[in-house]
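Have a look at the structure below before the remarks.
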């Protein structure tokens, strides 16, 4: 069946027009992974908070959709670590590289693509920028559904998700109820 994934973007820049290259790079990344924009909501003014729903072009099982999320995360890690492009599909790698390069133009970025979270943060004291990608647990995805405003603060999003979703350290992760903020 066709799969839908939420896509949410937050950047701190004030001018909405300045986010256009990043938004385009995200849409190219969706295309590279076999998705298309299904619903495109207008961006909120001020700092940019943009939402989409993407859908797979082909019918996918739940496991295939999870596999694509793993590929997105792995691809971001590969691109971020400058490993040879042969390790990931060239089209996907280029799309991820373009998206990550576009994100570097902003001080702080949080991007959710289904179960993958990208965060770019700039330390205001040292101007040092860090970027990371992580796979969200089902509880964290629910927490972001209930609290999309968590994306508005890339510096604290990981701490807030941890507070809302208490997860034990065992190998089989329990899926706790997440509280709304």
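The values are calculated or read from the model by the stated rules, or taken from the named source; none is laboratory data. Keep in mind it's a predicted model, so treat the numbers as computed, not measured. So basically every Cβ, Gly included, is an ideal-geometry build from the backbone, and we count neighbours across all protein chains shown.
Some observations on this one:
- Residue list for region 34-67, filter: in a helix (DSSP H, G or I) and closer than 16 Å to residue 6 by Cβ: 62, 65, 66
- Selected residue (only one of 91, 130, 135 is out of contact with any helix residue (DSSP H, G or I) (no Cβ under 6 Å at 6 or more places or on another chain) and either within 23 Å of residue 19 (Cα to Cα) or at pLDDT 80 or above (or both)): 130
- Taking the listed residues 171, 180, 159, the one that is surrounded by fewer than 12 Cβ atoms within 10 Å (Cβ to Cβ) and either modelled with pLDDT of 85 or more or under 16 Å from residue 7 (Cβ atoms) (or both) is 159, with no other qualifying.
- Some residue of region 17-33 being modelled with pLDDT under 85, buried (at least 17 other Cβ atoms within 10 Å of the Cβ) and outside any helix (DSSP H, G or I): yes
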